[in-house]
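The values are calculated or read from the model by the stated rules, or taken from the named source; none is laboratory data. Values in this document were obtained by computation on a predicted structure and should not be read as measured data. Here the Cβ positions follow ideal geometry from the backbone for every residue, glycine too, while neighbour counts run over all protein chains shown. Each accessible area value is taken on the protein alone, full model and side chains, heavy atoms only, with ligands, DNA and RNA left out. Shrake-Rupley method; radii C 1.70, N 1.55, O 1.52, S 1.80 Å.
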Amino acid sequence: MATLIHTLADHSDDINCCAFSSSCLATCSLDKTIRVYSLNNFTELPYSPLKGHTYAVHCCCFSPSGHVLASCSTDGTTVVWDAGDGQQLAVLEQPSGSPVRVCRFSPKATYLVSGAADGPVALWNIPSLKLYRSGNVKDGFLVACAFSPDGNFFVTGSSCGDLTIWDDNMRCLHNEKAHDLGVTCCDISSQPVSDGEHGFTYFQMASCGQDNQIKLWLLLVADFSGVELKHKCTLNGHSAPVLACAFSYDGQLLVSGSVDKCVIIYETSTGNTLQTLTQHTRYVTTCAFAPCSLLLATGSMDKTVNIWKLDLKQPCAGAVVENGSIAAVEAWSEDDVSAWLCAQDLADFVGLFKTNNIDGKELLNLTKESLTNELKIESLGLRSKVLQKIEDLRMQMASVSAAVPEEFLCPITRELMKDPVIAADGYSYEKEAIENWISTNRRSSPMTNLPLPSLMLTPNRTLKMAIGRWLETERK
């Protein structure tokens with residue numbers, strides 16, 4: 001599934017973090033430098049390495065557009081760089097002066113969070129490059145951070161084992177004891193998931209820790225009910241502390257790296273291990289999926305970064321799925337549009353579309369005039385190429401009469417159910433699919449990965465009738 005295609009060995013000390021943009025990979029190290037590589041051929045960019053820090057660099061991240069790169073260090077600063085030429089845009093000094101362990105941009109690059117070793121959290125306003133708000137975790141060092149896809153809140157993880165949810169005004173919304181021996185990393189999937197039982201849409205979050213575990217969570221933030229954090233399942237594939245975890249762009253895969261020197265790729269819907277990678281010779285400290293291509297990067301204390309090519313058909317925004325349906329393009333986020341651009345060999349436009357806040361609705365309304373006058377695409381050939389891809393997408397949408405309702409699809413096969421049954425976890429499955437699942441000695445739920453309290457399957461006649469009515473409507 002994952003094949004090693006390249007190894008970067010330019011750093012002279014432990015790798016602490018790696019991060020992708022749509023066109024580049026950044027890595028940082030205890031050697032005080034940040035290195036930036038082109039994804040075309042993995043050659044280092046002319047301005048690399050970046051040498052602005054005076055001590056170890058713990059974390060690096062790109063802004064959503066990929067135009068800006070941030071890095072943070074033991075020297076108590078977070079440096080903001082121009083990703084085009086490597087010039088320093090700002091040096092942000094942590095209010096406490098403590099070593100900075102983690103930094104993250106918000107989805108619209110309005111804010112940058114930096115977290116310090118003694119607990120302070122700083123929220124920086126990116127347009128002004130000034131401190132906007134600050135806070136403090138309850139106990140321990142702050143070592144992990146992740147923004148929600150909508151940018152309305154972010155989660156921090158601390159060495160005392162807590163996950164803390166903050167809004168963009170630095171108000172603490174929720175605090176959860178997640179890992180007994182300390183959190184080491186957390187990530188939030190860019191794709192929401194639905195809770196079939198209650199009809200809510202959640203953000204999917206992963207956390208990992210010194211307890212050797214990875215935990216998957218469902219996170220709901222609502223004005224009327226505050227914050228709900230539901231533990232979905234625990235993954236126990238590693239034999240030593242887990243130092244890093246990250247979701248793939250579509251949220252279907254999760255990767256983790258550990259002190260046991262292994263990298264594990266999981267399927268998030270089932271919690272099953274898909275592959276274990278053992279090429280690193282020391283602790284695996286960081287891992288990241290590329291946003292618009294089937295690439296995975298893993299970094300280690302062995303001073304190398306391995307680049308892996310994923311050999312699978314990973315769904316991308318705009319892709320027609322097997323049942324013939326297509327996601328409603330008008331509901332696409334800016335990130336969905338970016339993924340579509342990459343899939344159409346238009347990755348060079350990702351930054352431009354991000355800057356102009358082009359979401360799905362805006363994408364479908366683009367014209368020759370708006371590409372010329374608003375987006376300032378001067379080349380007639382490039383404008384024609386973009387317009388042709390958009391027109392192809394419109395035709396693709398028009399050719400599909402109706403998407404199969406999600407509740408009519410079996411969670412295991414992703415096909416329209418013919419004989420739906422209800423399992424003990426409360427979810428409905430195609431009878432043959434769930435029977436095959438159970439017969440292979442998997443006594444856990446395909447949806448939650450928790451043990452099934454019973455193997456009894458009950459026919460879901462109501463759902464079967466609803467599917468029948470829907471099929472009759474489609475035939476007319």
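How many of the residues in the range 137-157 are part of a loop (DSSP other than H, G, I, E, B), within 20 Å of R101 (Cβ to Cβ) and of a type outside the set (A, V, I, L, M)? Of the residues in the range 137-157, 4 are part of a loop (DSSP other than H, G, I, E, B), within 20 Å of R101 (Cβ to Cβ) and of a type outside the set (A, V, I, L, M). You will find that of S65, S38, S22, the residue that is open to solvent by less than 60 Å² (accessible area, probe 1.4 Å), in contact with a Pro (Cβ under 7 Å, 6 or more places away or on another chain), of a type outside the set (K, R) and modelled with pLDDT under 95 is S22 and no other. All of S96, S134, S128, S48 fail the test of being among the hydroxyl-bearing types (S, T, Y) and assigned to a strand (DSSP E or B), apart from S134.
Annotation note: of A206, A240, A222, the sole residue that is modelled with pLDDT of 95 or more and surrounded by fewer than 18 Cβ atoms within 10 Å (Cβ to Cβ) is A240.
The set of residues in the range 321-345 that are assigned to a loop (DSSP other than H, G, I, E, B) and either modelled with pLDDT of 80 or more or of a type outside the set (A, V, I, L, M) (or both) comprises E322, N323, G324, S325, W332, S333, Q344, D345.
Within the option set D85, D31, being open to solvent by 40 Å² or more (accessible area, probe 1.4 Å), assigned to a loop (DSSP other than H, G, I, E, B) and in the same structural domain as T304 (by the TED database) holds for one residue only, D85.
The criterion of at least 2 residues that are of a type outside the set (K, R) and within 13 Å of I15 (Cβ to Cβ) is met, among strands (runs of 3 or more DSSP E) falling completely within the range 232-318, by 242-247, 284-289, 295-300, 305-310.
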